[in-house]
1. At 0.36 nm per residue, and after removing the present C-alpha to C-alpha distance, how many nm does the segment from residue 84 to residue 104 gain when stretched out fully?
2. Cβ neighbours within 10 Å, averaged per peptide: list 97-103, 10-16 in order, most packed at the top.
3. Which of the following values of mean projected area of the Cα convex hull in nm² was calculated from the structure shown: (i) 8.4; (ii) 8.0; (iii) 8.9?
4. If you build a Gaussian network model of the chain, linking Cα atoms that sit under 10 Å apart, which residue out of 71, 88, 117 swings the most?
5. Return one number: the angle in degrees, 0 to 90 and rounded to the nearest 10, between the long axis of the Cα atoms of helix 43-71 and the longest principal axis of the Cα atoms of the chain.
6. Using alpha carbons only, how many angstrom separate the centre of segment 80-126 from the centre of segment 18-71?
7. Only Cα pairs under 8 Å and at least 6 apart count here; give the relative contact order of the chain as a rounded whole percent.
8. Could you sort the peptides 27-33, 108-114 by per-residue average Cβ neighbour count (10 Å cutoff), highest mean leading?
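Each value in this text was obtained by applying a stated rule to the coordinates, not by laboratory testing. The model shown is predicted, which means the values in this text are computed figures rather than measured ones. No Cβ is skipped: glycine too gets one built from the backbone with ideal geometry, and neighbour counts run over all protein chains shown.
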């Protein structure tokens with residue numbers, strides 16, 4: 001496994017971080033920590049790749065929500081996680097996406113923000129800030 005991570009390097013981190021921010025499970029924090037420990041890439045490069053990929057994944061979830069609302073406007077987001085997210089996003093607006101990095105609730109927050117058609121650029125900004133702060137913390141404690 002270690003050889004695979006070293007061979008894929010930043011691309012592996014990108015894929016892991018992207019998958020981690022969608023509904024698929026991923027372990028981007030572990031990949032990030034491992035690559036930082038190997039000291040093959042600068043901390044700045046690791047942070048930038050992980051943050052960019054994770055933000056892109058969150059933004060993808062926003063677009064999925066937007067597409068669902070457009071394609072199936074008569075349907076509701078019925079899963080309990082989406083109902084909870086709907087309540088939070090309606091109350092707090094796009095700043096709630098600072099929490100898009102939180103496991104289990106982050107993905108539904110992004111989907112619901114798209115479903116509600118919140119401003120895409122404000123959402124992208126808050127997603128990036130939240131995810132960037134999380135990766136900065138992971139790198140700082142390693």
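1. Fully extending the segment from residue 84 to residue 104 adds 6.1 nm.
2. Listed from highest to lowest mean packing, they are 97-103, 10-16.
3. For mean projected area of the Cα convex hull in nm², the calculated option is (i).
4. Sorting by GNM fluctuation, first place goes to 71.
5. For 43-71 against the chain, the angle is about 20 degrees.
6. What the calculation gives is 17 Å, centre to centre.
7. 28
8. My ranking of the peptides, most packed first, is 108-114, 27-33.
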